[in-house]
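Colleague: Before I ask anything, let me first share the structure, which is written out below as structure tokens.
The values are calculated or read from the model by the stated rules, or taken from the named source; none is laboratory data. Keep in mind that this is a model prediction, so the values were computed, not measured. For neighbour counting, all protein chains shown are included, and Cβ atoms are generated from backbone atoms with ideal geometry for every residue, glycine included. Side chains are part of the model used for accessible areas, which takes the heavy atoms of the whole protein and leaves out ligands, DNA and RNA. Shrake-Rupley method; radii C 1.70, N 1.55, O 1.52, S 1.80 Å.
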Amino acid sequence: MKNKLFVFLAAGLFLLVTPLVAQYFGNAWVRIIDVALLYVLLALGLNIVVGYAGLLDLGYVAFYAVGAYMFALLASGHLSETFAVVQAMFPTGVHMPFWVVIPLGAALAGLFGVVLGAPTLKLRGDYLAIVTLGFGEIIRVFLNNLDAPVNITNGPKGIAGIDSINLFGLDLGRPFDVFGFELASVTMYYYFFLTLVIFSVVICYRLERSRTGRAWMAIREDEVAAKAMGINTRNLKLLAFGMGATFGGVAGVMFAAFQGFVSPESFSLHESIMIVAMVVLGGIGHIPGVIIGALLLAALPEVLRYVAGDLQQMTDGRLDAAILRQLLIALAMIAIMLSRPRGLWPSPEHGKAAPIPTPTN
């Protein structure tokens, strides 16, 4: 018990000090960590669908986009500039506080999750992956084209001028002075994102050990047997899609507030595949493994920018740095899966052999 307490205290101190140390080397490093925490939130949500319920979802980025655009529309001047009715009601633009938009974004993303899950209840494996992939692309295409005949999403130009998060009068978009030490905006966002991640981990931990979580795992292992045992697989699948989507909606709201700008390019198929890779590489169904996978794959592309630049100079500019970076990421993913087929930190119970009964005299 004392060892666990020491580990928790050491981990807490490390998490509190990390952005302050990174800020010393530049705000860009803190920004990388902030984005990594957003991906952790996304990976935890997808882990509910893929890791617990065993439903392969390649369109998860759609819920991320729904939350981001919900906040972008309700916390900017875009709607007032487009619609005269909204202009009359909100002359300076719609600027709803984030604590109102977060539940709305989570609820709307959850609704989209149920809408996606309803027609896919009888699908499994590759067929489910194809349908969810199509759903994610449909959402992206809609966001890219809903600028005519009525400009709702501003199309490929995106929505700018989005409000930052204001927490009890503290604007996270501006630096904050603490006893003469200035905390940058990215550092303030780090602590806020970290709080959300910790809260999400607690929710996922409780879900995993709840009756619902065990029912999801029963469906994952053998849906026919789970149905024979009296588990309502239809409702539980819809619940998994909806619950996982709410995490994506909340992460989307945070992304829009953090960036101050959203566009359809941020929600491509590549993002969905990367989120799935985070769950698989970390360890399907295991919360610590999912977190490590998300942190690794979120930070690795940014860190490899510096390595790819040096390699480009070594080849006299013959190879593009972006292509080299993607190549290095792919090689790293292949190496991890070859050396750790079940993930970096797999669940200790997954694939565990049944105990051999001891003979009795």
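Colleague: If you build a Gaussian network model of the chain, linking Cα atoms that sit under 10 Å apart, which residue out of L55, L121, L41 swings the most?
Modeller: Sorting by GNM fluctuation, first place goes to L121.
Colleague: Answer rounded, prolate or oblate for the range 1-152, using the Cα gyration tensor with square roots of eigenvalues a ≥ b ≥ c: rounded when a/c is under 1.5, else prolate when a/b is larger than b/c, else oblate.
Modeller: Working: a/c = 2.37, a/b = 1.22, b/c = 1.95.
Oblate is the answer for the range 1-152, as a/c is 1.5 or above yet b/c matches or exceeds a/b.
Colleague: Cut-off 10 angstrom, C-alpha nodes, Gaussian network model of the chain. Which of H270, H78, H286 fluctuates the most?
Modeller: Its mean-square fluctuation being the largest, the pick is H270.
Colleague: Separate question: The chain: longest stretch without exposed trypsin sites (Lys or Arg not before Pro) (DSSP loop, at most 11 other Cβ within 10 Å), sites themselves excluded? Numbers along the way, then the final one.
Modeller: Values: sites that count: K122, R209, R318, K352.
The longest such stretch corresponds to 1-121.
Colleague: Kindly identify the range 133-236 as rounded, prolate or oblate by the Cα gyration tensor criterion: order the square roots of the eigenvalues as a ≥ b ≥ c, call it rounded if a/c is under 1.5, otherwise compare a/b with b/c, prolate if a/b is larger, else oblate. Walk me through the numbers on the way to the answer.
Modeller: Numbers: a/c = 4.24, a/b = 1.39, b/c = 3.05.
Oblate is the answer for the range 133-236, as a/c is 1.5 or above yet b/c matches or exceeds a/b.
Colleague: Normalising by the residue count of the range 1-122, find the relative contact order in percent from Cα pairs under 8 Å and 6+ residues apart.
Modeller: Values: 71 pairs, mean separation 20.5, N = 122.
In percent, rounded to a whole number, it is 17.
Colleague: Continuing with this model, one more query. Please report the accessible area of M274 (heavy atoms, 1.4 Å probe, ligands and nucleic acids excluded) in Å², nearest 10.
Modeller: 30
Colleague: Send over the per residue convex hull volume for the chain, Cα only, as a whole number of Å³.
Modeller: Numbers: hull volume 72.3 nm³, N = 361.
Convex hull of Cα atoms, per residue: 200 Å³.
Colleague: A follow-up question, please. Using a Gaussian network model of the chain whose springs link C-alpha atoms within less than 10 Å, name the residue from Y39, Y64, Y24 with the highest mean-square fluctuation.
Modeller: Y24
Colleague: Compute the Cα gyration tensor for the range 1-57, then decide on rounded, prolate or oblate, letting a ≥ b ≥ c be the square roots of its eigenvalues: rounded whenever a/c is under 1.5, prolate when a/b is larger than b/c in the other cases, and oblate in all that remain. Mind dumping the intermediate values first?
Modeller: Numbers: a/c = 6.09, a/b = 1.30, b/c = 4.67.
Oblate is the answer for the range 1-57, as a/c is 1.5 or above yet b/c matches or exceeds a/b.
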